[in-house]
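Written below as structure tokens is the structure these notes are about.
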Amino acid sequence: MSAAGANPTIPFQDRARRALQDQTLQQAMNKAQGGFVDKRREAMAQLPEFDDIRDAARDIKDHVLSNLDSYLELYEQKVQENGGQVHWARTTEEACQIITAICREAGAELVAKGKSMVSEEMGLTGALETAGLKVVETDLGEYIVQLAGETPSHIIAPAVHKTREQITELFHKHHAKLGYSERVTQREAIVNEARNVLREVFITADVGITGANFLVAETGANVIVTNEGNGDLTSCLPRVQIAVAGIERVIPSLDDLSTLLRVLARSATGQEITAYTTMYAGPRHKDDGEGPAEYHVVLLDNGRSAMLGGAYRPMLRCIRCGACMNHCPVYLAIGGHAYGWVYPGPMGSVLTPLLTSFEQAVDLPNACTLNGRCKAVCPVRIPLSDLLLEHRFEQHRRGLTSAVGRLLIRAWAWLARRPRLYHSVMVIPLWLMHRLGRKAGALRWLPLAGGWTGSRDFPVPAGQSFHAQWRATQKRR
Amino acid sequence: MGKSRTGCYSLRHNNQNVSRMTDTKKTSEVPIQVGLFVTCLADLVRPKVAFAAVRLLEQAGCTVTVPRAQTCCGQPALNSGDQASTERIAQGVIRAFADFDYVVAPSGSCTGTLRHKYPELFRQDLKWATQARALADKTFELTRFLVEVMKIEQVKASYAGTCTYHDSCAGLREMNVHEQPRRLLQGVTGLTLTEMVDANVCCGFGGLFSVKYPDISVRMVSDKCANVASSGADTLLGGDLGCLLNIAGRLRREDSPVKVLHVAEVLAGMAEGPGIGEPESDS
């Protein structure tokens, strides 16, 4: 049985344990595992200059972060020139209020929603539903997750935790009343059924809300990349179009866009480019035959500007490709919901404490082996594992880690700085462990190390340390 | 036998020729002075790995010194976020190894800490930044040092078995260790090297992670053990004892017959005797 999405009220360890024991989840994750990794590797192999483009992508984002205010103002000016409106939201609450007000003003009843992680961050769907609106997710994965009453478990593959059998049952449960009485089991039939159900939504929705992969300052365009085309139908067909984005999405120019697009899809899905890459720059103009009558962009800060001046600034380079989680062995073991909030995997473990609170997410930066695979694959070279270590420093400074743990580490460090004492203190435990375990070769139990010996043996130390043995050989020489 | 200020054991310790720092030829008249960073795990759990490192370095023509004033690189404190404790341990390491041409350790993880984390720790400390940088620049993981600095192409060793190599994360991603151990292993008589699936994926050790998050860690190491098994190898090799203790510990619990050894033990011809986590023979 799956938990109903990310649930921050359950402790991380419990969420992780449940995920590891959830056979269906494990089955789904096993299937997904490797696919993304192999496809990315193949895409890289076909583009020898990939690493140089990554450098260029990093430099573009760094340049933006050094001039964020100017580019945001330029972007707003261009949107206004195009006939659209930019709304600034300091917090997620403000963002939800702004969007609810736009919907009310438009007399909306039905909202079609494209895939957007920042809208998840806002809790937008819940806010709109509370205001009496009907909201339908139009990305297939998001739609599946919405039907299941869950939240996305991956930033680009929201339903990666679901098996096809589960989707068949979900569709049967929700679509039977719409006249789809047969269970669909094949991939294509599942997609077609969703397409037919969602078509009605695209046509009748009053407001279409999407995210934005990039905001181009020189043209005032918001750019979305999708593979399903749902984003385009969500943007174009309803009367009112709203794009939501974090303030760090802005980039200077279309040239920069082409550089970033070259690393985005390759890192995410291994595609050279996604099936659809669309730029929207304002509402329908006088002579246009179609298009939305209103065009709004809601820009969210929610802690981002506070990250600009500190150690976590590189995190604002993130283009949300998901490569870090696709390559994270911890994510692949426990899935996205165990992370407890909107953003999972390494990028989530860095972001969540910053966008929610350090206190609320103490486990995330620690539940990592610092293996550095995330850092190695990041298309904009965010030193993710270094930032996770930075979080540990921060937790230590703030006293968020266990007092006993800190004391033990300090005591060990005190000893480690006194080599003579250290080496003599180790003599007896080494001798004892060796005596107890040499017949078996490994100990099945150790005091204070139940975490280790619960499911692993501990290889028995040699009876004497290297330093002791070395000294003896040197004396003989 | 004389002891230097830092409490070294070697008679042959010589620090007069600083220009040798950049001289990578083992044919220079004065042998290259290597300070062996033993690592706490080799010191306490498997001393044989450090003896193997000494043998390999001496065979390569280096003069090896083991400073007594060393314990650990400080990773347990570093990875727990205790910056102050780590800095003090780092200062001790920097002092103990200041006089050598090179610092070598049979570990990618510990050398990664010396090479990348120490300079980071002291980046705003004028007094220590330079010394941390100097230590970082001359610190090498053992197999990479042998291949790239000492230009060793062939070791004198034999091993009858099929081995698979686990790339430890820090060795691979911080110290660029991947080809070097494999190249050296190819020269070991009788040894067949076979690659396992996901050799470069973390084994789930992560230092204190393995104890703090045992469920996730055990899941990761179980995956690793499954990959070892399906490779068909009878021996698992690696360059970091942390990973090897973790994998060996899990293999023993699974009653796997696979032998686990540090790559240095095989390269030095010291692979005889029980593998990691195996019982001592009765003889």
Applying a 4.7 angstrom Cβ cut-off across chain A, unpaired cysteine residues come out as A:CYS96, A:CYS103, A:CYS236, A:CYS318, A:CYS321, A:CYS328, A:CYS368, A:CYS378
Per its Cα gyration tensor (rounded if a/c is under 1.5, else prolate when a/b beats b/c, else oblate), region B:142-185 is best filed as oblate
With the dipole of chain A defined by +1 on each Lys or Arg Cβ and -1 on each Asp or Glu Cβ, the option from A:LEU124, A:ILE190, A:GLN474 whose Cα lies farthest towards the positive pole is A:GLN474
Surpassing 21 Å at the alpha-carbon level, of the pairs A:LYS375/B:LYS138; B:LYS48/B:LYS212; A:LYS439/B:LYS48, are A:LYS375/B:LYS138; B:LYS48/B:LYS212
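Under a point-charge model restricted to the Cβ atoms of Lys and Arg (+1) and Asp and Glu (-1), what is the dipole moment magnitude of chain A relative to its Cα centre, in debye to the nearest 20?
The dipole magnitude comes to about 3960 debye.
Please give me the summed charge of the neighbours of B:ALA52: other residues whose Cβ is under 15 Å from its Cβ, Lys and Arg +1, Asp and Glu -1.
-2
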Lys and Arg at +1, Asp and Glu at -1: neighbours of A:CYS103 with Cβ under 14 Å from its Cβ sum to -1
Sparse-neighbourhood loop hits (GluC sites (Glu not before Pro), region B:78-164; DSSP loop; Cβ within 10 Å at most 15 others) -> B:GLU153
Given Cβ charges of +1 for Lys and Arg and -1 for Asp and Glu, the option among A:GLN80, A:ILE10, B:ALA96 whose Cα lies farthest towards the positive end of the dipole of the protein assembly as shown is B:ALA96
Distance in Å, no decimals, from the C-alpha centre of region A:39-81 to the one of region A:181-234 is 25 Å
Restricted to pairs 8 or more residues apart or on different chains, the lysines in region A:12-305 with C-alpha atoms under 24 Å apart form a number of pairs equal to 19
So, for the Cα atoms of the protein assembly as shown, Rg and Dmax in Å stand at 28.7, 97
Counting as exposed only trypsin sites (Lys or Arg not before Pro) in DSSP loop states with no more than 15 other Cβ atoms inside 10 Å, the longest exposed-site-free span of chain B is B:157-283
Other residues with Cβ under 13 Å from the Cβ of A:LEU20 give, with Lys and Arg +1 and Asp and Glu -1, a net charge of 0
Spelling it out for B:PHE140: with amide H atoms placed in the peptide plane at 1.01 Å from N, the residues 5 or more places away or on another chain with amide H under 5 Å from its amide H are B:VAL103, B:VAL104, B:ALA105
Restricting to Cα pairs under 8 Å and 6 or more apart, the percent relative contact order of chain A works out to 19 percent
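Any read-out appearing in this document is the output of simple, stated calculations on the displayed coordinates, not a laboratory observation. Here the structure is a predicted model, which means the values were calculated and not measured. Please note: Cβ atoms are built from the backbone with ideal geometry, for glycine as well, and neighbour counts cover all protein chains shown.
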